[in-house]
Ligand SMILES: CC(C)(COP(=O)(O)OP(=O)(O)OC[C@H]1O[C@@H](n2cnc3c(N)ncnc32)[C@H](O)[C@@H]1OP(=O)(O)O)[C@@H](O)C(=O)NCCC(=O)NCCS
């Protein structure tokens, strides 16, 4: 009873506001302390996601992502970062709360406030490491359902979650047959029905040798060529059902092809 009272009381004292350059140092400190506790919830080694303890990183990402500080009364107690490339689909990139204030409903409230800021978003997605038993509980409590795996890097397994904000207004995914050159922020699903033998190509910008393969992705209304690079190749096996989030479409030698790109993700659906 007493604990419940505290949670309800905090709820109304939490707000989120865009963070500024002047907040970066403080936020990097909170982020470091928050992610350093991952070792208690399953992390195989100390550390955190890229740039988690670096003030410069927290300045840089303001250019690309929607970055909010979480305030409890007037004190900064956390941060929350979203990628809003699509108008109706958004990705939660990161959330962290000062460890001393964990488990008081602040993370959940920050998340709800973010949803309220973007009422047009119908689908929220996010990834979290398989080993993290805290975020699994947190996101599932927030109504997220695991739809697949992000197997992006060797040795990495991330659960991929989604939340449809209003089941009566689901996010309408594009159909593969409708993809056209120039489309951006494309989220589609299909089955890998073919995959070419990988070939080596030299990067024009860096000079390094890369491996590329073409897969054919099919849904019930059409097909498209999906370009796979390096580690993505072993991730999309014939017969797998996959989702590409935030991909882009171009045309190569007259063939329309779907690319995952740096900001996109390839998810193996379950
Ligand atoms: C994940 C994180 C942001 C959650 O913030 P928080 O303010 O502590 O979370 P809340 O108090 O709002 O928790 C809401 C619900 O999540 C679940 N939850 C949160 N922490 C949990 C834990 N340690 N164990 C089990 N369930 C937990 C509970 O269901 C909780 O509701 P309850 O307390 O009523 O049971 C926080 O733990 C954190 O900063 N972690 C380190 C950074 C991180 O992993 N970020 C996510 C990846 S980007």
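Using just its DSSP H runs of length 4 or more, each adding -39500 (n - 2.57), the chain gives a mean residue ellipticity at 222 nm of -5500 deg cm²/dmol after division by all residues. For region 97-251, just say rounded, prolate or oblate: build the C-alpha gyration tensor, square-root its eigenvalues into a ≥ b ≥ c, call rounded for a/c under 1.5, and beyond that prolate if a/b exceeds b/c, oblate if not. Judged from the Cα gyration tensor, region 97-251 comes out prolate (a/c at least 1.5, a/b above b/c).
Compared with the alpha-carbon gap, the fully stretched path from residue 25 to residue 203 is longer by 60.4 nm at 0.36 nm per residue.
Kirkwood hydrodynamic radius, the chain, all distinct C-alpha pairs: what's the number in Å? Hydrodynamic radius (Kirkwood, Cα only) of the chain equals 20.1 Å. Placing a pseudo-label 7 Å from each Cα along the Cα-to-Cβ vector at residue 175 and residue 218 gives an inter-label distance of 1.6 nm. In terms of other Cβ atoms within 10 Å, 196, 90 run from fewest to most in the order 196, 90. Our estimate of slack between residue 141 and residue 193, defined as 0.36 nm per intervening residue step minus the Cα-Cα distance, is 15.1 nm. Sorting 33, 159 by the number of Cβ atoms found within 10 Å of their own Cβ, with the fewest placed first, yields 33, 159. In terms of other Cβ atoms within 10 Å, 163, 141 run from fewest to most in the order 141, 163.
Quick note on region 176-269: its Rg to Rh ratio, both from C-alpha atoms and Rh being the Kirkwood radius, is 0.94. Taking label points 7 Å from Cα along the Cα-to-Cβ direction, residue 255 and residue 32 give a separation of 4.9 nm. Once C-alpha pairs closer than 8 Å and six or more residues apart are averaged by separation and normalised to the residue number of the chain, the relative contact order reads 14 percent. Remark: spin-label model distance residue 230-residue 13 equals 4.6 nm, labels positioned 7 Å along the Cα→Cβ axis. Would you list the P(r) distribution for region 20-69, with all Cα-Cα distances sorted into 10 Å bins from 0 and each bin expressed as a whole %? Calculated over all Cα pairs of region 20-69, the distribution is 27, 49, 21, 2 percent.
Read-outs: derived from the displayed coordinates by stated rules, not from any lab. Predicted, not measured: the structure shown is a model, and the values here were computed from it. Here Cβ is always computed from backbone atoms with ideal geometry, including for glycine, and neighbour counts include all displayed protein chains.
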